[in-house]
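The values are calculated or read from the model by the stated rules, or taken from the named source; none is laboratory data. These numbers come from a predicted model, not from an experiment. Heads up, the Cβs are rebuilt from the backbone with ideal geometry, glycines too, and the neighbour counts pull from every protein chain shown. Just so you know, the surface numbers come from the protein's heavy atoms only, side chains and all, with ligands and any DNA or RNA stripped out. Shrake-Rupley method; radii C 1.70, N 1.55, O 1.52, S 1.80 Å.
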Amino acid sequence: LSPHRFIMQHRANRARELAQSPHVPLKQDALDCGFASQSHMTTVMKALLNETPGQIRRRAGIAADKPEGED
């Protein structure tokens, strides 16, 4: 396992844990895990874990993030 792959695997696993919580937007989860963007996090998670943050949240019964400004 290369150092880069190890780090990305660790970030993806941490993002999976955070995605199961409805209290923080996925965008913030991505930044907290060291990804450049939510899109980057999604791409890496799909490649390494074969699931996206949205799929994880739907499976956990959590609604998708609402755009900012909506209640």
Using only Cα atoms, find the angle between the long axis of helix 38-49 and the longest principal axis of the chain, and express it within 0 to 90 degrees, rounded to the nearest 10. 50
The chain accessible area per residue, 1.4 Å probe, protein heavy atoms, integer Å², reads 68
Stokes-Einstein at 20 °C, 1.002 mPa s, Kirkwood radius from Cα pairs: D for the chain in µm² s⁻¹? 175
How high is the FRET efficiency from F6 to I62, r the C-beta distance, R0 22 Å, rounded to 0.05? 0.15
